[in-house]
Structure formats: C-alpha cells, structure tokens
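Undergrad: Sharing a structure below in structure tokens format, with a few things to ask.
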Amino acid sequence: MKSSSSPGPEAKSAEVDLTGGNPLATILFVLYTSFYAGFMVLSGLWPSAMGQPILGGVNLAIIYGLALILGAVVVAFIYMMFAGKPADERAADARRKEAAK
C-alpha cells in the first residue's frame with residue numbers, strides 16, 4: 001500500500017520552469033525598477049525638485065507618478081506581445097517533454 005504522504009510521479013510536473021528561458025521579463029523588470037528607483041531617489045534626496053512645476057504648472061512628482069503608471073501598463077503590453085506562450089501552455093509543453101523521457 002502506497003503512503004499518501006509520499007509524492008507520486010505527478011509531483012515532478014510541479015517543478016516546471018515557467019520562464020521559458022526568455023530574458024524579456026528580466027529586462028523589463030530592470031528597466032521599470034530603474035525608472036521607479038529614480039522616482040524614489042528624487043523624492044527622498046531632492047524633494048524640492050519634485051515640487052517644481054514643469055508642465056502647465058503641474059509639478060514633477062505628479063508628472064513622474066503618472067509616467068510610472070503609464071510605464072507599468074506599457075511594460076505589461078510589451079511583455080504580453082513578445083513573451084510568447086501563456087504560462088499554462090509552457091507548463092503543458094514541459095510536462096509533455098517530461099512524460100516523453
């Protein structure tokens with residue numbers, strides 16, 4: 001009789017690499033995190049710069065904050081367009097490869 005606490009062969013499929021070896025996610029993450037870090041550095045070290053009006057009387061903090069929001073949406077769309085298959089399709093492919101071994 002098999003113990004219910006020991007993992008069966010199906011447990012191997014849980015160890016599937018869902019990144020697909022695509023460096024796009026890392027590149028986009030680093031770019032957006034750098035953009036966000038710039039906002040944090042300006043806010044923390046030069047708050048007076050963030051208060052300066054730059055566009056129609058709107059200060060840099062508001063413009064930069066809106067750019068961060070828009071940037072997140074743009075990064076998400078870029079990733080969706082170029083990342084390839086959805087994660088569940090990649091996982092299914094990986095399980096098929098594992099089963100074929």
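Undergrad: Of the residues 66, 42, which single one is exposed (fewer than 14 other Cβ atoms within 10 Å of the Cβ) and free of Cβ contacts under 8 Å to residues at least 24 places away in the same chain?
TA: Exactly one residue qualifies, and that residue is 66.
Undergrad: When residue 48 is evaluated against the numbered criteria (1) at pLDDT 90 or above; (2) surrounded by 10 or more Cβ atoms within 10 Å (Cβ to Cβ); (3) over 14 Å from the mean Cα position of the chain (by Cα), which criterion, by number, is the only one it fails?
TA: The one condition residue 48 does not meet is (2).
The values are calculated or read from the model by the stated rules, or taken from the named source; none is laboratory data. This one's a predicted model, so the numbers in the text were calculated from it and none came from an experiment. Neighbour counts are summed over all protein chains in view; Cβ atoms, including those assigned to glycine, are modelled from backbone coordinates with ideal geometry.
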